[in-house]
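This report refers to the structure that appears directly beneath it.
Taken together, the values in this text are just the output of simple stated rules run on the coordinates, not laboratory data. What you are looking at is a predicted structure, and each value in this text was computed from that prediction instead of being measured. In this analysis, Cβ positions are derived from the backbone assuming ideal geometry, glycine residues included, and neighbour counts consider all displayed protein chains.
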Amino acid sequence: MNYKIREMLKSDWNQISEIYQQGMDTNLATFQTECPTYEEFDQSHMDQCRLVITDDTTIVGWAALSPVSSRCVYRGVAEVSIYIHNTYRGKGAGSQLLNYLSGQSEKDGFWTLQSGIMADNKASICFHEKCGFRQVGFRDRIGKDRFGQWRNTVLMERRSNLI
């Protein structure tokens, strides 16, 4: 498929939130129980590296970074959020978007990207490994899902080649 990647716009929010809701519905993608408003999303994600991937005019996925700490020594470390529309999973959009995000983040001064993935989300773990992430930790019962069940996560990271 011929996808295009561009900066995320506020006007994209309806399509972005639909894709985010699809991820929440799997109970494998996030501990979030309600889709945030655009304002909540805007406050919790960095301005740099907010991206969408499109197939013509349809947004098929999005990615954004969140700070891992407010301390200045961690200014080059960010957490990745990436979500792909259900009908586009396994068709290359995710890999193209995550690889682009990785390159763009380095240009923007990030030396480490990390992702906390639910331990039973094997597809996401394999996807991140395919895109240069490695497993660096395991968090036992780190949070409760939307059904109140404790869940474990795998901590993955991708280090810049610039270090």
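Worth a mention:
- Every residue from the range 50-68 that is touching a Phe, Trp or Tyr at 6+ places or on another chain (Cβ under 7 Å) and within 22 Å of ASP108 (Cβ to Cβ): LEU51, VAL52, ILE53, THR54, GLY61, TRP62, VAL68
- The single condition among (1) closer than 25 Å to GLU34 by Cα; (2) without any contact (Cβ under 8 Å) to a residue 24 or more places away in the chain that GLY103 does not meet is (1).
- Odd one out for LEU162, checked against (1) assigned to a loop (DSSP other than H, G, I, E, B); (2) in contact with a Lys or Arg (Cβ under 8 Å, 6 or more places away or on another chain); (3) of a type outside the set (Ser, Thr, Tyr): (2)
- Checked against (1) closer than 23 Å to ASN161 by Cβ; (2) more than 13 Å from the chain's Cα centre (by Cα); (3) in contact (Cβ under 8 Å) with a residue 40 or more places away in the chain; (4) buried (at least 17 other Cβ atoms within 10 Å of the Cβ), VAL77 passes all but a single condition, namely (3).
- Filter result for ALA29 (surrounded by 14 or more Cβ atoms within 10 Å (Cβ to Cβ), closer than 14 Å to GLU157 by Cα, under 15 Å from the mean Cα position of the chain (by Cα) and not polar (S, T, N, Q)): no
- Residue ID - nearest to ASN86 (Cα to Cα), chosen from residues in the range 120-137 that are of a type in the set (A, V, I, L, M, F, W, C) and assigned to a helix (DSSP H, G or I): ALA123
- Residues in the range 64-78 that are assigned to a strand (DSSP E or B) and of a type outside the set (A, V, I, L, M, F, W, C) were compared, and the one that is farthest from MET8 (Cα to Cα) is PRO67.
- ILE59 being buried (at least 18 other Cβ atoms within 10 Å of the Cβ), in contact with a strand residue (DSSP E or B) (Cβ under 8 Å, 6 or more places away or on another chain), of a type in the set (A, V, I, L, M) and in a helix (DSSP H, G or I): no
- Matching residues, the range 21-63, being farther than 27 Å from GLY143 by Cα and among the small types (Gly, Ala, Ser): none
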